């Protein structure tokens, strides 16, 4: 095996962490500058033994809490990462790479390459083929930083290679491999419920990391045929706090090791510029865009796959009740206002509107008064029309109006009847 003059060292660049003191005697910043033999001197300035002087090196008061912040056990010092640490999907992997010349000869014309290999692809991070490093002196090094947005789960390999001339002018090739695994920082569980014309999407986000996550943004990007509104609980707070929240929106905290937070969105069918409902027959609702930060500000970003709703059956037309009289009098005719809308780009109709008998055979106490079938002329593409049904109620109290059905006389097609409607019938 050929001996190499060069060798790669890979260090991960990430934020430091706070140092928490577990010991009974707290660390004083002055300990970093004073030697262990300081107290062995015969004559010491009184200030060194006086805690009010700011640096008590006798340790006699180190266990006392002189300041409320001392109870946090934080010394004010930051600790650099002691290991490679966990790497999560959505983060930016940043690495400080040093190529060292441990020989007694100069290495020349070094071509350095660094790339990330996953199960699916290879991503080049650095290539000095066009501008090789001229030389690395004996005992010297060449440093560089690479970054990669982590978009895949599972095993990753950071491959560092160097092609160089050693002290004997022999061309050598050095490959080194550094492996790590990318884990999922959070999971997103969704539930979709449809209530009449509204669709509600609930998203539950769970934190799988060992640090708190501060959610900067959890935004739902709806598909083209939907509009969305996020629903939040009412917050009763002072007006000053309300104004401050409008200026600065505090991030949502999801605690480490299994903390969860739920988001609720209301979706409605979008409309054309003309006000007509758009429909493309797809059950795709949209996707979530999630951004977060950790305790010391390291950012991450994830995008979910398309979230699917319940299958929507495409209808050429949409029939709905637009207005019901506020007061319905027994055995007195009243008008029921309806609207028929075309949801296709072609002409449809003509139609007949009538009250079907239904399968249950129940007696109806709200019925059509007069002509039993109302003829509706054809509708142009995405056109609409309004019309009235002349109805009458024959029984007091709460009555059910059911079976309003529309029939396409050209296509010989009967559409599903409208949902039942309850009305209250007053006496004469």
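Quick note: the coordinates plus some simple rules give every number you see, no bench work behind them. If you're wondering where the values come from, they're calculated on a predicted model, not measured in any experiment. Because the Cβ atoms are built from the backbone with ideal geometry, glycine has one as well, and the counts that use them run over all protein chains shown.
Some values worked out for this structure:
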| read-out | value |
| --- | --- |
| Listed peptides 250-258, 343-351 by packing density, highest first (mean Cβ within 10 Å) | 343-351, 250-258 |
| Segment 335-387-segment 114-141 distance, computed between alpha-carbon centres (Å) | 72 |
| Debye log10 I(q)/I(0) for segment 344-428, one point scatterer per Cα, at q = 0.16, 0.21, 0.24 Å⁻¹ | -0.71, -1.05, -1.24 |
